[in-house]
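Participant: Once you've had a glance at the structure underneath, I'll fire off some questions.
The values are calculated or read from the model by the stated rules, or taken from the named source; none is laboratory data. In this text the structure is predicted, and so the values were computed from the model without any measurement. Because the Cβ atoms are built from the backbone with ideal geometry, glycine has one as well, and the counts that use them run over all protein chains shown. Just the protein is used for accessible areas: all its heavy atoms, side chains included, with ligands, DNA and RNA removed. Shrake-Rupley method; radii C 1.70, N 1.55, O 1.52, S 1.80 Å.
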Amino acid sequence: MDDNEIDLLESVVPGLIGEFLQRFDILKSIDLLAPVGRRVLSEHLHLSERVLRSQTDVLKTQGLLTSSQAGMMLSDEGRRVMNGLEPVANRFLGLTSQEKLLAERLDIERCFIVRGDRADGDAVTKQLGTILNDALAKLLPEGNNTIVVMGGSTMASVAMQLSPELSNNRKLTFVPGRGGIGESVDKQANSVAALMAKRTRGEAKSLYIPEQLSESTYHPLLNEPTVKPVLDLISHAGVAIHGIGKAGDMARRRGVNEEILSYLRKAKAVGEAFGSFYNREGRILYQVHRIGLQLNDVQHFNHVFAVASGHDKAQAIESYMKIAPHQTILITDEGAANAILKK
């Protein structure tokens, strides 16, 4: 639906699109926050409780919502309707054309943009996971699929949205792309791989080695019986899922020494992915010496999903795409997309 068609529709039924989008927003927000009470929902949507009550009463009458003492939830019919109408809502909002524009701007295969800005709250992360799940369902072939996953808070969050249906006619094997980095256990790649396997009824492998290694310990470990089979799986995988971090945050998480931290600041590093720190131009400034998936390795993968969002990550995302493989599929939000496209 183009702008002229939208204008014509509004001229026949004034306010129809705004009313539809408001109700769609309510359904989407209830799905994200459920079970949720009216007060919390009104604050989340920035609607008065009076307006919200009026709209939710209509949605309940249509059988799209259920309510209990714990709060409101979508009915099965409500979820079906919400999922079916999402493409329509996105067209009204211009997200579909914005996704194409962003993919062209970044010179990558595809972009998915969810509504909102992660920097303003965590609800967006659930939407990112839903999009990832849907994309995997459409793109993964039947049969055996090896998926390499990285760690981080975003990866741990989106893993929760993967569904058992992904294993329909597929055998999924999730492999960590790196060892631990000293952060909380649930954010490590081993834990993310295990969670994705659990959510999808797949299988997970583990890579129990420190991420940062000295030269003297690096090479002997490559042939260790517990390490080599996992590295072989990584080298023959078809799909990678990773996040993109801001350089300063990732340097602290990885525990780089003060000398390297000072160098990254002076060199104006903006982001990190796969252990590679890079500047605005996409030039790699520093590479963490580690065992696991490297940036060069993903060039031959069939699909590479980059999941990163929030306006505060816009520069890190844009600069990474200058060195990303063309077959990258970016899953992000309006906050990051708008910040990139307005330049």
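Participant: Between beta-carbons, use under 12 Å as the cut-off and find the net charge around residue 196, counting Lys and Arg +1, Asp and Glu -1.
Facilitator: Working: positive: 198, 199, 201, 205; negative: 203.
Around residue 196, the charge tally is +3.
Participant: Another question about this same structure. What distance in nm lies between label points placed 7 Å from Cα along the C-beta direction at residue 208 and residue 76?
Facilitator: With each label placed 7 Å out from Cα toward Cβ, I get 4.3 nm.
Participant: Here is a follow-up. Can you tell me the orientation of helix 123-139 relative to the chain, as the angle in degrees between its alpha-carbon axis and the longest Cα principal axis, to the nearest 10?
Facilitator: Between helix and principal axis, roughly 80 degrees.
Participant: For the stretch 54-131, count the residues as N, evaluate 2.2 N^0.38 Å, and divide the Cα radius of gyration by that value, please.
Facilitator: Numbers: Rg = 15.7 Å, N = 78, 2.2 N^0.38 = 11.5 Å.
Normalised Rg, Cα atoms only: 1.36.
Participant: Next question. Restricting to Cα pairs below 8 Å that are 6+ residues apart, what does the relative contact order work out to for the chain? Please round to a whole percent. Could you put the intermediate results ahead of the total?
Facilitator: Working: 606 pairs, mean separation 57.2, N = 343.
It comes to 17 percent, rounded to a whole number.
Participant: Can you tally the net charge around residue 278? Count Lys and Arg as +1, Asp and Glu as -1, for every other residue whose Cβ sits under 9 Å from the Cβ of residue 278.
Facilitator: Numbers: positive: 280, 283, 322; negative: 272, 281.
Summing Lys/Arg as +1 and Asp/Glu as -1 gives +1.
Participant: Compute the distance in nm between two label points, each set 7 Å from the Cα along the Cα-to-Cβ direction, one at residue 11 and one at residue 137.
Facilitator: Between residue 11 and residue 137, the simple spin-label model gives 3.9 nm.
Participant: When DSSP beta bridges are limited to those with both residues in the chain, what percentage is antiparallel, rounded to the nearest 5? Let's see the in-between values first.
Facilitator: Details: 16 of 43 bridges.
Counting DSSP beta bridges with both partners in the chain, the antiparallel share is about 35 percent.
Participant: Quote the relative contact order of the stretch 263-343 in percent (integer), defining contacts as alpha-carbon pairs under 8 Å separated by 6+ residues. Write out the running numbers ahead of the final one.
Facilitator: Working: 117 pairs, mean separation 23.4, N = 81.
Over the stretch 263-343, the number comes to 29 percent.
Participant: Still on this model: Between residue 342 and residue 326, what is the spin-label point distance in nm, taking each point 7 Å from the Cα along the Cα→C-beta axis?
Facilitator: Placing both labels 7 Å beyond Cα along the Cβ direction yields 3.2 nm.
Participant: Compute a Gaussian network model of the chain, connecting alpha carbons closer than 10 Å, and tell me which residue from 194, 237, 119 fluctuates the most.
Facilitator: Largest GNM mean-square fluctuation: 119.
Participant: How much area per residue is accessible in the stretch 12-62 when the probe is 1.4 Å and only protein heavy atoms are counted (Å²)?
Facilitator: Per-residue value: 55 Å².
Participant: Related question: Which one of 84, 202, 282 has the biggest mean-square fluctuation once the chain is modelled by GNM with Cα springs under 10 Å?
Facilitator: 84
Participant: Another question about this same structure. Sum -39500 (n - 2.57) across every DSSP H segment of at least 4 residues in the chain, then divide by the residue count to get the 222 nm mean residue ellipticity, nearest 500. Show your work: numbers first, answer last.
Facilitator: Details: 15 runs with 161 residues, N = 343.
The per-residue figure over the chain is -14000 deg cm²/dmol.
Participant: Which whole-angstrom value gives the distance between the alpha carbon centres of the stretch 80-145 and the stretch 225-250?
Facilitator: Answer, in whole Å: 23.
Participant: Among [x] 5, 23, 31, 23, 12, 4, 1, 0; [y] 6, 27, 36, 25, 6, 0; [z] 6, 25, 33, 24, 10, 1, 0, which one is P(r) over Cα pairs in 10 Å bins from 0, in percent computed from these coordinates?
Facilitator: It is the value labelled [x].
Participant: If Lys and Arg each add +1 and Asp and Glu each add -1, what is the summed charge of the other residues whose beta carbon sits under 9 Å from the beta carbon of residue 164? Intermediate results must be reported in sequence, preceding the final value.
Facilitator: Working: positive: 199, 201; negative: 165.
Around residue 164, the surrounding residues sum to +1.
Participant: Cut-off 10 angstrom, C-alpha nodes, Gaussian network model of the chain. Which of 54, 319, 157 fluctuates the most?
Facilitator: In this elastic network of the chain, the residue with the biggest mean-square fluctuation among 54, 319, 157 is 54.
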